[in-house]
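The values are calculated or read from the model by the stated rules, or taken from the named source; none is laboratory data. These numbers were taken from a predicted model, which means no experiment stands behind them. Cβ placement follows ideal geometry from the backbone for every residue including glycine, while neighbour counts extend to all protein chains displayed. Accessible surface is based on the protein model in full, side chains and every heavy atom, while ligands, DNA and RNA are left aside. Shrake-Rupley method; radii C 1.70, N 1.55, O 1.52, S 1.80 Å.
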Amino acid sequence: MNEISIEDLPGIGPATAEKLKDSGFNSVEAIAVASPSDLAATADIGESTATKIIAAARISADVGGFETGDAILRRREDIGRLELGCAEVDTMMGGGFETQAITEVYGEFGSGKTQIAHQLAVNVQLPVDKGGLNGSAILIDTENTFRPDRIAGMVEGLSKRHDMEYDPEDFLKNIHVARAYNSNHQILLMDTASELADSLRDTEKPVRLLIVDSLTAHFRAEYIGRGTLADRQQKLNKHLHTILRFADLNNAMVFVTNQVMSKPDAFFGDPTKPIGGHILGHTSTFRIYLRKSKGDKRVAKLVDSPNLPDGEALFTVTPEGLFGDQ
Ligand code: GTP
Ligand code: MG
């Protein structure tokens, strides 16, 4: 599709290209959505040069300008739907979780956020007629909660449901996991994720799912106290926009998790409100509030969506994956 590399942009010599790449501006798309001041500081160039480079990048990457309604319609026609395999939840989501969007799920510990992430990483690999996107998954794991054996259990569950003999190994091979050790590392991993998605784009299993579990835990742990809140929100906001761009560029579904406090907390206010507050609310396209019900049952409540009615759906966590309530 886009074969232009950043060296091809006017005003970028080899030395500047090197500096930009070192700072994560390794594609024309990344430069197209950068701010002139960021780019100038990164590459040691004047702001007016940076502005020109960005303008050129926008033209060749075909981003940043106004789009006509029919172009948006065409892009939206590509939107895929990833099914969780729990009928009520999938119906609530209008037939599955949309690509080109961020879905944020928030809920207290043990509410099933990580379980949903595992199930989606499996399901995304299924063919479209089985509710998948025939793609692979990238997982940014900030809490070290990825469990290969959980994936294997879920694949076994699917084998029974579909009357197939799926091989767990095959599924594990298409889940690319990176641990993020702190919030800066988490942000940087998005560059690696983009490179990985680029390299898999023309393969049998292009990246169709990005998971960040948890999106907010590092930010919450590192930025403590009122004085640092604005700083935290700003970083988180920028991170989310990178993530949203990833969703658009790769026609990927993005699934991010967010905690709620189980106890009222002086810094974060309402215990049932997600960490990250309003900024996160505006960026994530779909928001789901998850809560525990009896035993292994969970309730997912769609609380925010651009085009779907709010609703509630029940599902059950089992060793063989998540199931709808029959
Ligand atoms: P935090 O990351 O701590 O905020 O929680 P979370 O929302 O990610 O919770 P997670 O998805 O890890 O859910 C954990 C819960 O899933 C456990 O409390 C169990 O109830 C359930 N669970 C996990 N594995 C299994 C399993 O193999 N079988 C069954 N029945 N339940 C499981
Ligand atoms: Mg979790």
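Worth a mention:
- Here the chain carries DSSP beta bridges of which approximately 45% are antiparallel, counting only pairs with both residues inside.
- Amide H contacts for Gln125 (H built 1.01 Å from N in the peptide plane; partners 5 or more residues away or on another chain; cut-off under 5 Å): Leu133, Gly135.
- Folded to 0 to 90 degrees: helix 113-123 orientation relative to the chain principal axis, Cα: 80 degrees
- The amide H of Val303, built 1.01 Å from its N in the peptide plane, has Arg287, Ile288, Tyr289 as neighbours under 5 Å, considering only residues 5 or more places off or on other chains.
- Near Ser35, once Lys and Arg are set to +1 and Asp and Glu to -1 for all other residues with Cβ below 13 Å from its Cβ, the sum equals 0.
- For the chain, alpha-carbon Rg relative to the globular expectation (2.2 N^0.38 Å, N residues): 1.02
- Net +/- balance of residues flanking Gly96 in space, Cβ distance below 14 Å, scoring K and R +1, D and E -1: -2
- Neighbourhood charge, 10 Å Cβ-Cβ cut-off, centred on Leu249 and excluding it, Lys, Arg +1 and Asp, Glu -1: -1
- Rounded to the nearest 10 Å², the accessible area of Lys238 at probe 1.4 Å: 120 Å²
- All Cα-Cα distances of the range 15-93, cut into 5 Å bins from zero to the largest, leave 3, 14, 18, 15, 10, 8, 11, 10, 6, 4, 2, 0 percent in each bin in turn.
- Principal-axis tilt of helix 148-162 within the chain, Cα atoms, nearest 10 degrees: 60 degrees
- Against the main long axis of the alpha-carbon atoms of the chain, helix 183-200 sits at an angle near 90°.
- When GluC sites (Glu not before Pro) are flagged only if DSSP places them in a loop and at most 13 other Cβ atoms lie within 10 Å, the longest unflagged stretch of the chain comes out as 205-326.
- Computed with a 1.4 Å probe over protein heavy atoms only, the accessible surface of the chain comes to 48 Å² per residue.
- Accessible area of the chain belonging to carbon and sulfur atoms, whole % at 1.4 Å probe: 52 percent
- P(r) weight above 20 Å for the range 29-173, C-alpha pairs, percent: 62 percent
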